[in-house]
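Here the structure is laid out as structure tokens; the discussion comes afterwards.
Each value in this text was obtained by applying a stated rule to the coordinates, not by laboratory testing. Just so we're clear, the structure is a prediction, and the values are computed from it rather than from any experiment. Glycine also receives a Cβ, built like all others from the backbone with ideal geometry; neighbour counts cover every protein chain displayed.
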Amino acid sequence: MDDSGAVVNPQIKFNSMISINKTAETLHDLILINNDRTEGYEKALTLLPDSDQELKEMFEEFAEESRFYVEDLHEMISLLGTEDGVESTTASGKIYRVWMDIKNAITGADRESILASCEFGEDAAQKEYSKALDNADFMDENTRAQIEWQKESLKISHDLIKTYRDLRA
């Protein structure tokens, strides 16, 4: 029975908790990939020469975009009642940053290699969002719609990075 005296089916309550937990885990993963994305662009900003103001502004915008998404994702988790703060980065994100460091050590921190590294990171973000949406049967409609919107927005950023990279290729 619940507080009103109505009989509650324990299986429904159990399934609901599983859905909430799966949704929270998925949202945490997206927080992590956005933390990685922010770090990746902050790293890329340090590698660009001051004269490349156009890319610097774009990278700052993309880092800010991910910070906004992290706040949005935290809010979604909070609405689930499972907020427990995720501030770290994913293993794949750490691999992305190590890959960027290795590539820069080998090829130098030229504009093209920085853009290629950023595109690699954007690919990782797209994969994580696709994975979240592929396994989103347990999500409510609003959460799924918000994740789809973020993914589409990130796809625009990905395509812009690719366009800049292809301009020099």
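Summary of values
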item: Förster-model FRET efficiency, 35 Å R0, S19 and E112, C-beta, rounded to 0.05; result: 0.20
item: Kirkwood hydrodynamic radius of the stretch 30-81, Cα pairs, Å; result: 11.7 Å
item: Cβ-Cβ FRET estimate between T82 and D137, R0 fixed at 25 Å, reported to 0.05; result: 0.85
